[in-house]
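Single-structure report; data block below.
Here, each number is a calculation from the coordinates, and none is a lab measurement. For clarity, every value in this text was computed on a predicted model and none was experimentally measured. Neighbour counts are summed over all protein chains in view; Cβ atoms, including those assigned to glycine, are modelled from backbone coordinates with ideal geometry.
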There are 2 protein chains.
Amino acid sequence: MASTIHDVARLAGVSAGTVSRVLNDSPRVDPRTRARVLQVIEDLDFRPSSLARRLSTGKTRTVAVVSPYFTRPSVVERLRGIAAILSSVDYELLVFNVETAQQRDHALDLLSRGSHIDGLLLVGLDPSDAEVARIERAALACVLIDASHPRLAAIVGDDVSGGKLAVRHLHELGHRRIAFVAEMPREAFSKPASSLRLRGARLESRAAGIAQPAEYLAVGEQGRGRAREMVSALLALPVPPTGIICTSDMQAMGALEAARDAGRAIPDELSIVGYDDLDIATYLGLTTIRQPLFESGMEGARILVSQLNGAPRRARRRRLKIELVRRTSTGPRPGGDPEPA
Amino acid sequence: MASTIHDVARLAGVSAGTVSRVLNDSPRVDPRTRARVLQVIEDLDFRPSSLARRLSTGKTRTVAVVSPYFTRPSVVERLRGIAAILSSVDYELLVFNVETAQQRDHALDLLSRGSHIDGLLLVGLDPSDAEVARIERAALACVLIDASHPRLAAIVGDDVSGGKLAVRHLHELGHRRIAFVAEMPREAFSKPASSLRLRGARLESRAAGIAQPAEYLAVGEQGRGRAREMVSALLALPVPPTGIICTSDMQAMGALEAARDAGRAIPDELSIVGYDDLDIATYLGLTTIRQPLFESGMEGARILVSQLNGAPRRARRRRLKIELVRRTSTGPRPGGDPEPA
DNA sequence: TTGTAGGCGTTATCAC
DNA sequence: GTGATAACGCCTACAA
């Protein structure tokens with residue numbers, strides 16, 4: 001049905017090779033033949049089969065991105081950055097959403113062997129050594145976003161600093177009773193950024209001489225619902241925290257709900273800090289740690305493309321800047337005067 | 001570098017054809033040869049090149065989805081439904097995010113000719129007759145989601161009914177001064193669902209004898225920010241509306257912000273209705289029209305796959321049920337007693 | 001400048 | 001059952 005390069009050749013009275021040269025605008029072709037060929041191409045509405053071309057050249061101009069829960073707002077934003085870059089340089093984008101360990105393995109296996117992609121972008125997903133070995137064997141370019149591995153290039157947020165920033169902010173506002181709400185997905189696809197943020201928070205707490213009682217640490221599945229439960233429990237404590245630091249904005253939303261449930265005024269009775277600075281954060285007036293999600297996607301894609309263009313595949317770790325965005329969900333510690341430790 | 005079917009053949013002492021038969025588990029192959037071949041495949045960690053296979057069979061097991069603004073929450077949810085079905089039947093998913101008319105044309109052109117996909121899913125995007133012709137010529141299966149065309153299968157929400165439902169709800173609560181906030185994207189990719197919802201709303205208004213002054217209709221770009229502006233203007237009117245119907249939850253968020261800005265209590269002084277029932281709607285307590293986004297994606301993908309499996313490609317329009325979800329953003333008309341028209 | 005021939009890695013149609 | 005052989009549609013030496 002669809003016409004081939006041979007049809008064009010025949011109608012233009014040239015050989016298939018010549019048509020191919022026109023297609024790839026090789027310099028060595030007579031202007032008049034070129035014109036003739038182009039005319040026939042136009043008439044036939046002919047487009048070369050990208051499949052055949054790929055097989056022949058070994059280049060697919062396709063990259064795959066695999067990510068757990070690609071539906072999460074933070075991931076979507078990264079995906080958007082990736083798509084923006086790729087479409088600008090005319091690469092196609094294959095997406096794999098993985099929600100179970102099995103899907104994860106399947107996708108990675110498929111991609112590192114099927115040889116129908118040039119590059120791989122892993123977001124929020126730490127590959128195993130064996131997987132990295134296969135990726136290298138397949139000569140695939142690969143960049144990690146919000147994940148890491150010693151042999152691969154990676155884009156990460158500065159999560160430890162982010163955690164520190166959050167604590168410092170509350171500390172400066174006079175808070176001494178600070179609780180943490182962290183996420184620990186059921187399926188651990190990566191050493192969660194969450195734990196790094198938590199680590200930063202604890203480091204800063206220690207440095208500032210803030211006590212960290214065990215009951216002030218709540219860890220649970222990601223998402224608003226679970227966070228709401230956990231924060232409700234925190235607020236029901238005999239000595240509840242005056243500040244709560246969440247490792248994501250979604251969790252912070254849950255915290256806001258819990259505060260509302262418990263009748264705690266924000267920020268007069270309770271301060272809440274989120275992480276990500278999603279779009280809704282401005283709506284919520286949420287004080288949060290902003291990390292450049294869109295940019296992380298762009299940057300990861302850029303590096304991948306440069307590797308695809310022949311740049312050396314160094315295992316460099318690029319750490320993106322974060323910053324605290326102060327809004328109205330945080331305020332001075334209730335009570336007025338400093339609290340005895 | 002990577003091994004081919006011939007390497008396997010050689011090492012197993014058979015012909016490539018036989019290896020191929022083993023790969024596609026054809027019945028007519030001696031159990032012992034099969035075992036031998038499988039062993040070699042294992043040893044070599046061999047996987048057939050999907051590219052070569054595709055070229056040879058003409059089937060790619062890949063479908064593309066193209067959508068404007070695939071980053072919008074409602075689209076993401078649909079995408080998730082699509083991905084769920086496709087991965088379950090082992091199809092790969094190529095995504096095209098289009099944000100300009102040019103990208104849109106480019107994507108459609110590319111896909112309908114490159115012949116490297118089996119099917120096409122268009123979400124929120126009405127193809128032109130010419131485009132449909134090309135799609136048919138390329139023998140591509142194609143299903144529309146939240147869009148329509150006389151010659152293609154489509155999944156749509158019952159937008160007209162949704163608009164009616166919203167008006168009926170406010171009417172029953174006693175409201176007589178009802179304003180509409182609709183979205184009109186800068187680039188019109190499809191006859192926006194928004195306008196259908198609006199139509200339903202107007203029909204119901206007329207039926208209920210509700211006046212529809214021109215100043216009660218605000219149309220602007222999608223998104224929270226613009227809606228906030230438009231609603232602020234509505235609230236500043238000499239005779240402001242007591243109820244506002246938005247054609248999306250994002251706009252409803254903007255409306256809530258505007259109400260907050262203007263110091264209007266929700267729902268005591270102002271009722272607001274959204275559309276979509278996004279995840280945040282529960283957080284906001286937003287009364288809204290729920291449409292099954294995830295299901296629409298699944299259903300669209302299902303139909304596409306069935307077509308790919310040989311089902312007839314009928315241009316059937318499947319209309320998904322919607323329902324009103326009542327929450328706390330709507331209440332009785334302020335003032336108590338009925339208003340003189 | 002252009003044509004020819006071989007190859008990319010499979011599958012499919014024949015014979016044997 | 002299994003092995004040649006010819007597609008699939010393009011690219012790219014190598015020749016001419």
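Per-residue shielding of A:45-52, expressed as the average number of other chain Cβ atoms within 10 Å of the residue Cβ, stands at 5. Within a 10 angstrom radius of each residue's Cβ in B:15-23, how many Cβ atoms of other chains show up on average? Whole number is fine. Shielding by partners across B:15-23 averages 0.
Distances between equivalent label points of B:Asp90 across the copies, with each point positioned 7 Å along Cα→Cβ, amount to 3.4 nm, shortest listed first.
The relative contact order of chain B comes to 18 percent, based on Cα pairs under 8 Å that sit 6 or more residues apart.
Between copies, the label points of A:Lys191, set 7 Å from Cα on the Cα→Cβ line, lie 5.6 nm apart, reported in increasing order to one decimal in nanometres. Simple point charges give the picture: +1 on the Cβ of Lys and Arg, -1 on the Cβ of Asp and Glu, and for chain A a dipole about the Cα centre of about 1120 debye. Comparing Cα centroids, segment B:232-258 and segment B:150-200 end up 16 angstrom apart.
Would you please report the Å³ per residue occupied by the convex hull of the alpha carbon atoms in chain B?
Dividing the Cα hull volume of chain B by its residue count gives 162 Å³.
For the peptides A:93-103, A:261-271, A:77-87, the ranking by packing is A:77-87, A:93-103, A:261-271, with the highest mean count of neighbouring Cβ atoms within 10 Å listed first. Helix content alone sets the calculated 222 nm mean residue ellipticity of chain A: runs of n ≥ 4 DSSP H residues at -39500 (n - 2.57) each, divided across all residues, give -14000 deg cm²/dmol. About its Cα centre, the dipole of the protein assembly as shown is roughly 1700 debye, where the only charges are +1 on Lys and Arg Cβ and -1 on Asp and Glu Cβ.
Applying a DSSP loop filter and a limit of 16 other Cβ atoms within 10 Å to the trypsin sites (Lys or Arg not before Pro) in segment B:167-249 leaves B:Arg186.
So, R0 is 56 Å and r is the distance between the beta-carbons of B:His106 and A:Ala236; what FRET efficiency does that work out to, to 0.05?
For R0 = 56 Å, the calculated efficiency reads 0.50.
Sorted shortest first, the separations between the B:Pro238 label point and its copies elsewhere in the assembly read 6.6 nm; each point sits 7 Å from Cα along the Cα-to-Cβ line.
Note on segment A:253-307: with charges restricted to the Cβ of Lys and Arg (+1) and Asp and Glu (-1), its dipole about the Cα centre is near 100 debye.
Could you work out the relative contact order of segment A:159-291? I mean the mean sequence separation of Cα pairs under 8 Å and 6+ apart, divided by the number of residues, in percent. Across segment A:159-291, relative contact order equals 26 percent. Counting only other chain Cβ atoms within 10 Å of each residue's Cβ, the peptide A:63-72 averages 2.
For A:Ile210, what charge total do you get from the other residues with a beta carbon under 9 Å from its beta carbon, if Lys and Arg give +1 and Asp and Glu give -1? Working shown, then result.
Details: positive: A:Arg176, A:Arg177, A:Arg206; negative: A:Glu204.
Spelling it out: positives minus negatives among the neighbours equals +2.
Charge tally around A:Ala2: other residues with Cβ under 13 Å, Lys/Arg +1 each, Asp/Glu -1 each, net +1.
So how do B:42-51, A:246-255 stack up, highest first, on mean other-Cβ count within 10 Å?
Packing order, densest peptide first, comes out as A:246-255, B:42-51.
Counting Lys and Arg as +1 and Asp and Glu as -1 over every other residue whose Cβ lies under 12 Å from the Cβ of A:Pro240, the net charge comes to 0. For segment A:159-291, with the dipole built from +1 on Lys and Arg beta-carbon atoms and -1 on Asp and Glu ones, taken about the Cα centre, which of A:Ala218, A:Ala258, A:Gln291 lies farthest toward the positive end? Of the candidates, A:Ala218 comes out farthest on the positive side.
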